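Readers should treat all values here as calculations from the given coordinates under stated rules, not as data from a laboratory. As the structure is a prediction and not an experimental result, all values here were calculated from the model. Please note: Cβ atoms are built from the backbone with ideal geometry, for glycine as well, and neighbour counts cover all protein chains shown.
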């Protein structure tokens with residue numbers, strides 16, 4: 001069973017950098033899954049931030065591109081998020097998640113479908129002076 | 001950019017009844033759609049992969065359908081633990097670009 005746990009400062013000053021880490025157990029950070037970050041502003045819905053695959057191929061929400069970097073630490077089996085130039089709008093619960101797949105075979109053709117099948121409990125980050 | 005919409009925003013249902021939730025994509029996403037349930041104070045939990053494949057451990061009162069741009073999540077015989085917010089989520093390309101819908105709150 002995959003377990004994930006976010007960690008990092010709960011308070012960040014405006015214009016500063018938000019840095020979080022997600023420790024993964026029960027799976028290798030080098031496996032063929034897409035390790036993701038998702039956030040949820042108070043009382044709002046889910047917003048995908050970005051993710052990384054095979055420790056190198058990353059993709060980010062276009063609305064956050066330029067401020068976000070996701071990286072992998074293979075030696076500690078964890079991945080990290082950095083968001084620069086934060087404002088109060090970045091105040092949210094931050095979740096790390098594993099975008100894994102299920103296989104469906106139809107007429108000998110294999111289809112892989114993806115969903116976030118493991119989540120950390122989330123960590124609250126407040127941007128305030 | 002693919003935009004996801006969900007309707008209704010809030011669905012009021014009595015225990016034991018059926019809930020039907022809709023999700024629409026702004027362009028064809030085939031079956032690249034997942035559904036999630038989020039209870040208050042908890043992380044989301046995946047319910048469906050590929051629009052209609054139940055995730056392990058999900059009760060069979062949950063079913064999903066659709067492909068292309070129109071998708072439905074049906075919850076039969078609602079139980080008390082089913083009152084929550086439900087999100088659809090699409091992905092395209094690889095590495096993927098992911099988008100969540102705004103959510104549907106299922107309330108008593």
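Some points to look at:
- Diagonalising the gyration tensor over the Cα atoms of chain B and scaling each eigenvalue by 5 before taking the square root yields semi-axes of 22, 14, 13 Å, largest first.
- Alpha-carbon spread of the stretch B:54-108, three principal axes, descending order, Å: 37, 21, 20
- Mean projected area of the Cα convex hull of the protein assembly as shown, taken over all directions, amounts to 12.8 nm².
- For the stretch B:35-96 versus the stretch A:107-129, the gap between their alpha-carbon centres in whole angstrom: 13 Å
- Counting Cβ atoms of other protein chains within 10 Å of each residue's Cβ and taking the mean over peptide B:90-100 gives 6.
- Peptides B:21-28, B:32-39 ranked from most to least packed by the mean count of surrounding Cβ atoms within 10 Å: B:32-39, B:21-28.
- Tensor-based shape of the stretch B:22-79 (alpha-carbon gyration tensor, a/c under 1.5 rounded, otherwise prolate or oblate): prolate
- Computed from label points 7 Å out along Cα-Cβ, the spacing between residue A:31 and residue B:60 is 2.8 nm.
- Where only C-alpha atoms are counted, convex hull volume of the stretch B:1-55 per residue in Å³: 120 Å³
- Taken residue by residue and averaged, Cβ atoms of other chains lying within 10 Å of the Cβ of A:26-36 number 1.
- Exposure proxy for A:53, A:95: other Cβ atoms within 10 Å of each Cβ, ordered fewest to most, give A:53, A:95.
- Averaged over peptide B:19-30, the number of partner chain Cβ atoms lying within 10 Å of each residue's Cβ comes to 0.
- Highest mean first, the peptides B:51-64, B:3-16 sorted by other C-beta atoms within 10 Å per residue fall in the order B:51-64, B:3-16.
- Counted over chain A with a bin width of 5 Å, the fraction of Cα pairs per bin, in whole percents, is 2, 11, 21, 23, 18, 12, 7, 3, 2, 1, 0, 0.
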